[in-house]
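Down below is the structure, laid out as structure tokens.
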Amino acid sequence: MTKHKRLFGKLSSLVLAAAMAIAMVFTATPTFAEDTTYSLTLNNTTVGHTYEVYQIFTGTVSGEGTSKTLSDVKYGTNYVPEGKNVGDEVPETELAAITNADTFASTVTVTGTAIKTVTSTATSTVIEGLAPGYYLVKETNTDVPEGETMTKNILQVVGDTTVNIKSGTTTSEKKVKDVNDSQASSGTNPTGWQDSADYDIGDDVPFQLKATVASDYDNYTKGYTLTFHD
């Protein structure tokens with residue numbers, strides 16, 4: 001009996017030592033908190049713009065790689081329709097109705113203060129610390145540098161994201177008609193609208209001015225002015 005007791009005692013000591021060693025291994029293993037925020041990089045930016053970021057929806061990232069999407073979608077800080085609250089689940093019917101991000105961006109009404117305001121830099125502008133979700137990124141209602149336009153986009157963030165800024169610009173075109181003097185008396189005009197023409201002093205010069213305004217002109221809450229200098 002004494003032998004067995006001693007043997008059992010030794011085995012118990014070995015098991016206890018092994019358990020302590022395992023405990024030490026687990027204790028010594030470092031743990032890392034999951035990164036739940038991401039960056040949004042806006043390409044093709046120039047100096048002189050200020051971007052406001054509004055949170056439309058939040059959610060949980062599902063999928064991997066390029067197949068990541070936002071699931072368990074809830075209303076965000078800056079978009080709460082009447083009768084809803086921040087954090088309420090967004091009905092599938094409402095999500096399905098948003099078939100065009102550009103259209104939604106031009107019609108959505110945000111409330112409250114932007115969660116981030118960032119001053120642009122040349123070439124690209126980085127917005128840090130965004131939780132997974134959908135965001136409205138738009139220009140502040142201030143003067144835009146001459147020759148440039150405002151931008152307003154809805155963007156999904158389910159990881160570090162890079163996008164090219166989408167904004168139109170105003171273009172103009174001037175054309176003139178030429179008249180062949182030898183045929184002018186007959187009332188014929190052999191040329192259409194073109195870039196140049198030859199006229200004598202005192203002649204009337206028929207010309208045409210065309211302009212295409214930026215597609216986002218209605219975002220200019222202080223008005224949009226188009227002026228021709230000829």
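The values are calculated or read from the model by the stated rules, or taken from the named source; none is laboratory data. What you see is a predicted model, and the numbers here were worked out from it, not measured in a lab. All Cβ positions, even for glycine, are placed from backbone atoms using ideal geometry, and neighbour counts span all protein chains on display. Just so you know, the surface numbers come from the protein's heavy atoms only, side chains and all, with ligands and any DNA or RNA stripped out. Shrake-Rupley method; radii C 1.70, N 1.55, O 1.52, S 1.80 Å.
Looking at 175, 138, can you tell me which residue is surrounded by 14 or more Cβ atoms within 10 Å (Cβ to Cβ), modelled with pLDDT of 75 or more, in a strand (DSSP E or B) and over 13 Å from the mean Cα position of the chain (by Cα)? Break it down into steps so the answer makes sense when it comes.
Values: 138 fails: over 13 Å from the mean Cα position of the chain (by Cα).
None of the other options fit; the residue is 175.
Looking only at the range 71-89, count how many residues are surrounded by fewer than 14 Cβ atoms within 10 Å (Cβ to Cβ) and assigned to a loop (DSSP other than H, G, I, E, B).
Total satisfying the criteria: 6.
What about residue 99, is it more than 17 Å from residue 140 (Cα to Cα) and part of a loop (DSSP other than H, G, I, E, B)?
Values: more than 17 Å from residue 140 (Cα to Cα): yes; part of a loop (DSSP other than H, G, I, E, B): yes.
So residue 99 fits the description; yes.
Mind checking which residues of the range 157-172 are of a type outside the set (S, T, N, Q) and at pLDDT 80 or above? It would help to see each step written out before you state the result.
To start, the set of residues in the range 157-172 that are of a type outside the set (S, T, N, Q) comprises 157-160, 163, 165-166, 168.
Matches in the range 157-172: 157, 158, 159, 160, 163.
Can you name every residue in the range 102-133 that is of a type in the set (Ser, Thr, Tyr) and assigned to a loop (DSSP other than H, G, I, E, B)? Before the answer, list the steps.
In the first step, residues of the range 102-133 are kept if they are of a type in the set (Ser, Thr, Tyr); the result is 103, 106-107, 109, 111, 113, 117, 119-121, 123-125.
Selection gives 109, 111, 113, 120, 121.
Residue 128 - would you say it is within 28 Å of residue 45 (Cβ to Cβ), open to solvent by 40 Å² or more (accessible area, probe 1.4 Å), touching a Ser or Thr at 6+ places or on another chain (Cβ under 7 Å) and modelled with pLDDT of 95 or more? Show your work before the answer.
Working: within 28 Å of residue 45 (Cβ to Cβ): yes; open to solvent by 40 Å² or more (accessible area, probe 1.4 Å): yes; touching a Ser or Thr at 6+ places or on another chain (Cβ under 7 Å): yes; modelled with pLDDT of 95 or more: yes.
Criteria met by residue 128.
Kindly list the number of the only condition in (1) open to solvent by 40 Å² or more (accessible area, probe 1.4 Å); (2) at pLDDT 70 or above; (3) closer than 24 Å to residue 46 by Cβ; (4) of a type outside the set (Phe, Trp, Tyr) that fails for residue 198.
With respect to (1) open to solvent by 40 Å² or more (accessible area, probe 1.4 Å); (2) at pLDDT 70 or above; (3) closer than 24 Å to residue 46 by Cβ; (4) of a type outside the set (Phe, Trp, Tyr), residue 198 is out only on (3).
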